[in-house]
Every structure is written in C-alpha cells, then in structure tokens.
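Taking it in order: structure first as structure tokens, then the write-up.
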Amino acid sequence: MAEAAYWFEPQEYRARLARVQEELRRRGLDALLAFQPETVTWITGFFTRGYGSFQFAIVPAEGEPTLFCRDVEEYYLDATCVFRDRVMWTDSDDRVQLAAATIAERLRGAAAIGVEMDAWVLNAQRWAAIHDRLPQLRIADESRLVAGLRFVKSPAELAYQRIAAKAAEAGMQAAIATAGPGVSEREMAAEICAAMIRAGSDLPGPGVLSSGERAFHLHGGYSDRVLARGDIVQVETTPNARHYHARFMRPIRVAEATDADHHLAELLVGIQDAALAEVRPGVPARVPDAIYREGVLSAGLRETYTNKTFYSVGLQLQPSGGEPLEAHPGADWAFEENMVFHSYVLARGFGMSETIRVTADGHERLTRFPRRLFVTGG
C-alpha cells in the first residue's frame, strides 16, 4: 500500500463528508452519485492525473463513500483517499456496465438519490446504462449540492491559494522580464511556466497569452507570433497549488506606450478599486458588478459590457475554468466571508484583475502585484 500523502488532514475530509450527508438528509436523499472530479477529490481526497478515465464516488447519506475507478490508479487511491471502500475496473472490463451494477448493489434499498447530472464525465451513454439499472429510484439533479458547499474556503484551502497567488506573481514578473521586440509568444510562455512551477505551481499554465490583434480578444493562447514594438500583450497567469487556483491579469506594452495608454490603465484601476470597495459579506453580487459595467461604459471604453465581472475560484481540475458562481446583472447571490473570486475588468486590449478573498468587513487581495501598465523590452 502506498504511503499516505493527503492534501489535508483526514478530519477535514470527514467534516466535508458530514456536511454533504447532512444536506442529503435535509433534501430527503439516500445518496449522491458524485461524478464531477472536483467533488470526488474534495470529499474523499482521491486524486490522480487520470481522473478523465471514468471514476466517481457513491456518497451515502449514512456511512462512508465508495470509490469507483480504474485499477491502475490504486496507488494514488491508497495515497490520497481517506476512505477505503472501492470497486476498480480493468481495461478489458465493460466499465459502464460494471459501474451500473456497482451503483445498483451499493444503493440497494435506497428510495431517492441525487446525481451530478452536469458533470462532464457523465456522458449520455453512461447515464443511460446507469439509469436503466435504477428504475425504482427517484432521481434528483443535484449538480450544485457539493459545488455550493465548496464556495466558502477553509483556512487550509486558503493556504494553497496563497501559494498559487505567489506563483502567479512570479509568472507575471517573468512575462514582464521576457517581453520585448523580437521575442516570440512561445518564448514568453516558456519563461512564465518555468517561473510558476519553480514558485510552487502544480501545472504550468500560462493562461491567457496573446499579442497584437489577438490581445483584443479574450482567451488567446500563445503562438509562434513574434512581438513587435508597440504591441499590446494580454497576460493572465493561472497557476495552482494542489489544484487550488489564484490568477490575475496585467497589461503590457512592448517597448513604447502613449499617455493615453497609461491613462487607460489608471481608469481601469480606479474602476476596479470602486467595485472592490463594495465587496463584503451580505452585499449582493450585483452591486460591484454594476460599478464595473457603469464605470467602463460611462468612460466610453466599450460599447457593450456583457462578460461576468467576478467568478469563484478554488479547487479546479481541467477542463473546469472556475467554480459555478459568477457575478452578472442577473446574479441573485451575496458575498460571504472566505469566498474567493477572480475579479476582472477589460477594455481596449487591457486587462486588470485580481484574486480576492472576502473578509469579515471587506476583501483581501491574494494577488498583490503592482497595478499599472508595464512597458517592457525597450
């Protein structure tokens, strides 16, 4: 058996399980089928880089969970999971039929269960096979049950996000030091990734990295493009520690910038300061969201502002880009202490963002890199 390498103390996982089970009982459910990889890891500790190879947890309202996974992951199951019950499939098995049979056996006598229906690993074929084995059960879509419990972070979770924030700062410093005429985006990406990994990131990133025309369009990835004098470089560093995320954006001009460029960066910082000043427990998300939108639109920086302004970050496994809590004009939630958000404002190719923690009376910036336009590589 592998030596234990838990990310958190076992009592933290048991406390999380107890919270999930209390919520299951409150909703009149006998169990949860947890298919979302983040849910499995958050409740049980089990983590393997092979989480895309059909694995899930059966979480009863009473008792300990059962893990279902590929047999080659047994080492990581022993090392990271605090619970012992498991069923493992081999590559020669019909894994979907084995999953259906396992669920039916473990849930014998259950009357109602919750299922994470929106989990990306639960495709239509898998669900059809499982559902056919559970004809007598009342099934409820409980995709947000555990996600909602994860929004407020524990001190131990926040400690990992602080490490990630420091790695994000190291990555941004590398971006600024590298960017210059004749340097390729690919060269920049290599330096950013190396810096973040050395600073504690479990994955390289780098996140958004694009220049020239692509800097005006969100979510660009690095390419072979070579930077030219006057280019905007849009950079977002997105490291993680034990897959707990922190991230931020800063605008870069290559070699030269105008007074208007510096004024734009100052405007964005001012708008962000005004929005973040309203963040505290009990404040509706729509309040700072409106400040962002009205600030950008009233300054004439954009004709429309349709993107979200805050989204929750924490334990995220690719392809998840964030937790399912976002600020927009229709948001109906309020801030709570120890929620963590990436909050950003974008205009004319410039992005300014922070990862923040909601405190008892305001907010704390986890990312603390200087906020201004960086002109680099002259």
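The values are calculated or read from the model by the stated rules, or taken from the named source; none is laboratory data. This one's a predicted model, so the numbers in the text were calculated from it and none came from an experiment. Methodologically, a virtual Cβ is constructed for each residue, glycine included, from the backbone with ideal geometry; neighbour enumeration extends over all protein chains shown.
Things to note:
- From the list Ala175, Ala100, the lone residue that is touching a residue at least 12 places away in the same chain (Cβ under 8 Å), outside the structural domain of Ile58 (by TED's automatic domain parsing), small (Gly, Ala, Ser) and not in a loop (DSSP other than H, G, I, E, B) is Ala175.
- Within the option set Arg95, Arg86, being at pLDDT below 95, under 30 Å from the mean Cα position of the chain (by Cα) and farther than 15 Å from Leu137 by Cα holds for one residue only, Arg95.
- Ser223 vs. criteria among the small types (Gly, Ala, Ser), at negative phi and either in contact with a strand residue (DSSP E or B) (Cβ under 6 Å, 6 or more places away or on another chain) or buried (at least 22 other Cβ atoms within 10 Å of the Cβ) (or both): no
- Hits in region 107-143 - residues which are surrounded by 15 or more Cβ atoms within 10 Å (Cβ to Cβ) and not aliphatic (A, V, I, L, M): Gly114, Glu116, Arg126, Trp127, Arg133, Glu142, Ser143
- Being within 17 Å of the chain's Cα centre (by Cα), closer than 30 Å to Ala257 by Cα and modelled with pLDDT of 95 or more is a property that does not hold for Ala174.
- Just one of (1) without any contact (Cβ under 8 Å) to a residue 40 or more places away in the chain; (2) in contact with a Phe, Trp or Tyr (Cβ under 9 Å, 6 or more places away or on another chain); (3) closer than 29 Å to Ala167 by Cβ fails for Glu364. It is (2).
- Of everything in region 346-362 that is crowded, with 23+ Cβ neighbours inside 10 Å and more than 18 Å from the chain's Cα centre (by Cα), the residue that is nearest to Met249 (Cα to Cα) is Met352.
- The set of residues in region 162-172 being surrounded by fewer than 24 Cβ atoms within 10 Å (Cβ to Cβ) and of a type outside the set (A, V, I, L, M) consists of Arg162, Lys166, Glu169.
- Cβ-Cβ contacts under 7 Å between residues 6 or more apart (or on different chains), taken from a first residue in region 43-63 that is more than 12 Å from Asp85 (Cβ to Cβ) to a second residue that is at pLDDT 95 or above and among the hydroxyl-bearing types (Ser, Thr, Tyr), are listed as Ile43/Tyr13; Gly45/Tyr6; Gly45/Tyr13; Gly45/Thr80; Phe47/Thr41; Phe47/Tyr76; Phe47/Thr80; Thr48/Tyr76.
- Residues located in region 107-149, provided they are at pLDDT 95 or above, not hydrophobic (A, V, I, L, M, F, W, C) and not in a loop (DSSP other than H, G, I, E, B): Gly114, Asp141, Gly148
- Filtered by the rule that a residue be among the basic types (Lys, Arg) and either outside the structural domain of Ile232 (by TED's automatic domain parsing) or not in a strand (DSSP E or B) (or both), region 333-358 gives a lone residue, Arg348.
- Evaluation of Tyr305 against (1) under 22 Å from Gly221 (Cβ atoms); (2) in contact with a Lys or Arg (Cβ under 7 Å, 6 or more places away or on another chain); (3) without any contact (Cβ under 8 Å) to a residue 40 or more places away in the chain (one fails), failing number: (1)
- Single condition Val296 does not satisfy, out of (1) closer than 25 Å to Asp361 by Cβ; (2) of a type outside the set (D, E, K, R); (3) not in a loop (DSSP other than H, G, I, E, B): (1)
- Filtered residues of region 22-37 (kept if surrounded by fewer than 21 Cβ atoms within 10 Å (Cβ to Cβ) and either part of a loop (DSSP other than H, G, I, E, B) or in contact (Cβ under 8 Å) with a residue 40 or more places away in the chain (or both)): Glu23, Arg27, Gly28, Asp30
- Checking each residue in region 179-222 for being in contact (Cβ under 8 Å) with a residue 60 or more places away in the chain and more than 20 Å from the chain's Cα centre (by Cα) picks out Ala179, Gly180, Pro181, Val183, Ala215, Phe216.
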